[in-house]
Amino acid sequence: MITTQFKDLSGNEISKKEAEVSTQYSVETFVDGVIKKIEQLENGVVEITYYHLDASECINELLLLYQDQKVLFSTITDIGSYRIEYIFLYEKGRLTEQKKWVMNNKNQYICLQKFDIITGSLINNAIEKYYKDETSSYTFEYDQSGNCFMIHNETDGEKDIFGWEIGNPKCSFTWNSFEYYQYSEPLLPE
């Protein structure tokens, strides 16, 4: 069964009549209660479509429906206790961005990987990994070689840590318990 919902910019559900007089709103389409696509409209024109692919769908076939639009295709795969969302952004039929998001079993994003759209290779210095628990929050950035370059301490306003400072007696941060974050790969913690 296919159903739709209209929402305002704040994500609040609105009626179809309210949407028709609004300058910006979204239309969410559900298939059997599961979100299938979200269309964001401005002045009655679709600005971007977010389309959740299932296993039977092919991007190349669907692109024919979105040739003159901006469309973001996503697919989700579960591996153990991790969820990986693959993102492919197309503008007027041309791939402009490809990335992966990794989420842990606490629904927290732990990794963002971006890929070169021509070669399909990882872009190490465009990868970020995230750590958050009850007392700490860090964002890890990487250099071209995939080594941690910078750690942003988002918890207590402490200064950022350069990767090469770790191990120096003046640096209190260690890789102990943070081995996954030391390098841009692997995608999933071991």
Handout entry: Within the accessible area of the chain (1.4 Å probe), percent carbon and sulfur
Key = 48
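Given the rule -39500 (n - 2.57) for each run of at least 4 DSSP H residues, summed and divided by the residues of the chain, what is its mean residue ellipticity at 222 nm, to the nearest 500 deg cm²/dmol? Intermediate values should be presented prior to the final figure.
Values: 2 runs with 11 residues, N = 190.
-1000 deg cm²/dmol, from helical runs alone.
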Exercise for the section: Have a look at the DSSP beta bridges in the chain and tell me what percent are antiparallel, nearest 5. Expected result: 95
Exercise for the section: Determine the shape class of the range 20-62: with a ≥ b ≥ c the square roots of the Cα gyration tensor eigenvalues, call it rounded for a/c under 1.5, and otherwise prolate if a/b is greater than b/c, oblate otherwise. Expected result: oblate
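What is the sum of charges around ASP68, taking Lys and Arg as +1, Asp and Glu as -1, for the other residues whose C-beta is under 10 Å from the C-beta of ASP68? Numbers along the way, then the final one.
Details: positive: LYS70, LYS92; negative: GLU91.
In short, +1.
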Practice task
Provide the per residue accessible area, probe 1.4 Å, for the chain, rounded to a whole number of square angstrom.
Solution key: 62
Handout entry: Subset of LYS114/LYS170; LYS17/LYS99; LYS17/LYS37; LYS37/LYS132 violating a 28 Å alpha-carbon distance limit
Key = LYS114/LYS170; LYS17/LYS99; LYS37/LYS132
Fill in the blank from the handout: Highest mean packing first, using Cβ neighbours within 10 angstrom, the peptides 106-114, 32-40 sort as 106-114, 32-40
Completion exercise
Under the rule rounded for a/c under 1.5, else prolate if a/b exceeds b/c, else oblate, using alpha carbon gyration tensor axes a ≥ b ≥ c, the range 9-82 is classed as oblate
Handout entry: Shape box of the chain [Cα atoms, principal axes, largest first, Å]
Key = 64, 36, 31
Exercise for the section: Name the shape class, rounded, prolate or oblate, that the alpha-carbon gyration tensor gives for the range 83-151, where a ≥ b ≥ c are the square roots of its eigenvalues, rounded holds for a/c under 1.5, and otherwise prolate holds if a/b is larger than b/c and oblate otherwise. Expected result: oblate
Practice task
In whole angstrom, note down how far apart the Cα centers of the range 28-100 and the range 127-190 are.
Solution key: 32
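The values are calculated or read from the model by the stated rules, or taken from the named source; none is laboratory data. Small disclaimer: the values here were computed from a predicted structure and weren't measured. So basically every Cβ, Gly included, is an ideal-geometry build from the backbone, and we count neighbours across all protein chains shown. Ligands, DNA and RNA are excluded from the accessible area calculation, which covers all protein heavy atoms including side chains. Shrake-Rupley method; radii C 1.70, N 1.55, O 1.52, S 1.80 Å.
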